[in-house]
Amino acid sequence: MTADVLDRFSPATREWFGTTFREPTAAQAQGWPAIANGDHALILAPTGSGKTLTAFLHAIDRLSTAEEPARDERLRVLYISPLKALAVDVDKNLRAPLRGVQLAAERLGLVWREPTVGVRTGDTDQSERQRMLRTPPDILITTPESLFLLLTSRARETLRHVDTVIVDEIHALAPSKRGSHLALSLERLEDEIARAGNPPPQRIALSATQRPLDEIARFLGGAHDVDGRLEPRPVTIVDAGVRKALELDVVVPVEDMGDLGAVVEPATELAGPTRRSIWPAMHPRLLDLVEEHTSTLIFVNARRLAERLAATLNELHERRVRDRRLAALGLDPGAAADSDDPTLIAALAEPVPELLRAHHGSLSRERRLQIEDDLKGGRLRGLVATSSLELGIDMGAVDLVIQVSSPGSVSRGLQRIGRAGHQVGQPSKGTLFPKFRGDLLETAVVVQRMEAGEIEPTRYPRNPIDVLCQQIVAMTAMEDVTVNELARTVRRAAPFADLSDDVLEATLDLLAGRYPSDEFSEL
């Protein structure tokens, strides 16, 4: 099987893969034949199964063995990430196979061209954007929002020779209006490519959690023109989604959750009543788990909580470390506060390294990268994160994921817990801490369904008119387009496949200002 799957690659790529990996993963063994055949492909596989390499390796192989194209025809592969941080992570992870295949080609004495990689997100500065406009890369890594801006600017000309579009973590996009926006952008991209006389690009999508696959395949493929009719584009579904081994614990750190919220101290003139909280019991348990493991991710559902929890656990860790130092000197921590013993003072003055940091989308790009590198490099023992680390960012060898409160859904729980044991074949170890009785009930149900693999069905929106309005404004800002041409492009996108003429005309009237102004005057 391995030899057959690798036969479609060049000798240098086969050499590199054979010396780097024991064998292809299931996602690679099943996905590469479809990709090599030029099929649109939806690849479902668990976290840590080599999905990114599955999507990219044929493109890297093709780019590196072909003649270098003209500068304005260079951009051939478009990778779309739902997160800016994930885009940067993929950029870094691409460099290993690129360098590895290059070295293999040199050993074999083969001619090899190194494909260039560019990143265009909201973090990309203006000088870098201008440089990529003048000299486009072979592979462009971007986000749905940045693709929309590229299509609505002079930079769209650099996209006219794209032959492969990779959509990562498609399950995070499909059920939202953000995904509907991307679906229309992909059809606009196809129009741009067609205007240059080039064939439509191959579409490849990756995900770790999504059901039903047919729904996501329709979303990815959209429709194409067949003898004057719009018909769904055929999409090959590669289901390598074998359930990953899970080791899950649900921890309740108090004896009676029904007692939470009870008044401990009555209200005063300056403050309201003090109520019993779960946090004093939860904080030590969380810290125990972080200290017992090498690398831990703690997921919470709010940025403010991430900051507050990281700060509290660091303070508690600092007190523990200082108490241990005093105990090692044979001193009672409680009685040592007023001592003038130089040894004691030195022990208390020695700094305690930070144990955890908060990670969320409000941090700057530089700060996010530094925090991620500190965890991977062992300078931090863990991160307290929101959804910013939920998707496939490579966080190294994470051995435990903690979820504070219910994850809210089976797919989100699997995605988050799947960050632990990210390597192929490793089980994912997770501990969940519900915060109140209703949360405990929901957590128990979610955990049961996670273990059974009962993922909630995904459904993409139908006819989100606000998305349609924004895209119509962008399309008509770039060039004149007839209503029929507009309708054709819009209905190729799966979320708008059933858009009626009446709704489209009403939308155009709204955008043109043709509506009953007296009735809408208050708006």
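Overview of results
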{"item": "Hits in segment 445-469 - residues which are open to solvent by less than 50 Å² (accessible area, probe 1.4 Å), of a type in the set (A, V, I, L, M) and part of a helix (DSSP H, G or I)", "result": "VAL446, VAL447, MET450, ALA452, VAL467, LEU468"}
{"item": "Every pair of residues 6+ apart whose Cβ atoms lie under 8 Å, when the first sits in segment 317-337 and is under 13 Å from GLU350 (Cβ atoms) while the second is surrounded by 11 or more Cβ atoms within 10 Å (Cβ to Cβ) and at pLDDT 75 or above", "result": "GLU318/VAL352; VAL321/VAL352; ARG322/VAL352"}
{"item": "Extreme residue, nearest to ARG243 (Cα to Cα), among residues of segment 27-43 that are touching a His at 6+ places or on another chain (Cβ under 9 Å) and surrounded by 23 or more Cβ atoms within 10 Å (Cβ to Cβ)", "result": "TRP32"}
{"item": "Check on THR209, within 30 Å of GLY453 (Cβ to Cβ) and either in a loop (DSSP other than H, G, I, E, B) or charged (D, E, K, R) (or both)", "result": "yes"}
{"item": "Residue that is surrounded by the most Cβ atoms within 10 Å (Cβ to Cβ) [pool: residues in segment 399-444 that are of a type in the set (Ser, Thr, Tyr) and assigned to a strand (DSSP E or B)]", "result": "SER428"}
{"item": "Residue within segment 504-522 that is basic (Lys, Arg), in a loop (DSSP other than H, G, I, E, B) and within 31 Å of the chain's Cα centre (by Cα) present", "result": "no"}
{"item": "Count of residues meeting criterion [within 19 Å of LEU389 (Cα to Cα) and either open to solvent by 90 Å² or more (accessible area, probe 1.4 Å) or charged (D, E, K, R) (or both)] in segment 302-315", "result": "4"}
{"item": "Residue check for LEU331: assigned to a loop (DSSP other than H, G, I, E, B) and either of a type outside the set (Ser, Thr, Tyr) or open to solvent by 30 Å² or more (accessible area, probe 1.4 Å) (or both)", "result": "yes"}
{"item": "Residue check for ARG76: touching a strand residue (DSSP E or B) at 6+ places or on another chain (Cβ under 7 Å), over 16 Å from ASP168 (Cβ atoms), open to solvent by 30 Å² or more (accessible area, probe 1.4 Å) and of a type in the set (Lys, Arg)", "result": "yes"}
{"item": "Scan of segment 212-263 for residues that are touching a residue at least 12 places away in the same chain (Cβ under 8 Å), among the acidic types (Asp, Glu), exposed (fewer than 12 other Cβ atoms within 10 Å of the Cβ) and closer than 28 Å to ALA444 by Cβ, ordered by number", "result": "ASP259"}
{"item": "Count of residues meeting criterion [charged (D, E, K, R) and in contact (Cβ under 8 Å) with a residue 24 or more places away in the chain] in segment 11-42", "result": "2"}
{"item": "Long-range neighbours under 7 Å by Cβ, at least six apart or interchain, first residue at pLDDT below 85 within segment 269-296, second outside any loop (DSSP other than H, G, I, E, B) and surrounded by fewer than 15 Cβ atoms within 10 Å (Cβ to Cβ)", "result": "PRO273/VAL263; PRO273/GLU265; THR274/VAL264; THR274/GLU265; ARG275/VAL263; ARG275/VAL264; ARG276/ASP259; ARG276/VAL264"}
{"item": "Qualifying positions in segment 170-199 - out of contact with any strand residue (DSSP E or B) (no Cβ under 8 Å at 6 or more places or on another chain), not in a loop (DSSP other than H, G, I, E, B) and not hydrophobic (A, V, I, L, M, F, W, C)", "result": "LYS177, ARG178, GLY179, SER180, HIS181, SER185, GLU187, ARG188, GLU190, ASP191, GLU192, ARG195"}
{"item": "Residues being of a type in the set (A, V, I, L, M, F, W, C), surrounded by fewer than 13 Cβ atoms within 10 Å (Cβ to Cβ) and without any contact (Cβ under 8 Å) to a residue 24 or more places away in the chain - total across segment 470-522", "result": "2"}
{"item": "Whichever residue in segment 44-73 is assigned to a loop (DSSP other than H, G, I, E, B) and of a type outside the set (Gly, Ala, Ser) and, among such residues, is surrounded by the fewest Cβ atoms within 10 Å (Cβ to Cβ)", "result": "GLU67"}
{"item": "Test set (1) at pLDDT below 85; (2) surrounded by 15 or more Cβ atoms within 10 Å (Cβ to Cβ) - GLU366 fails condition number", "result": "(2)"}
{"item": "Complete set of residues in segment 110-169 that are in a loop (DSSP other than H, G, I, E, B), buried (at least 21 other Cβ atoms within 10 Å of the Cβ) and charged (D, E, K, R)", "result": "ASP138, ASP168, GLU169"}
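The values are calculated or read from the model by the stated rules, or taken from the named source; none is laboratory data. Worth saying up front: this structure is predicted, and the values here are computed from it rather than measured. Because the Cβ atoms are built from the backbone with ideal geometry, glycine has one as well, and the counts that use them run over all protein chains shown. Areas reflect the complete protein model, heavy atoms only, side chains present, ligands, DNA and RNA absent. Shrake-Rupley method; radii C 1.70, N 1.55, O 1.52, S 1.80 Å.
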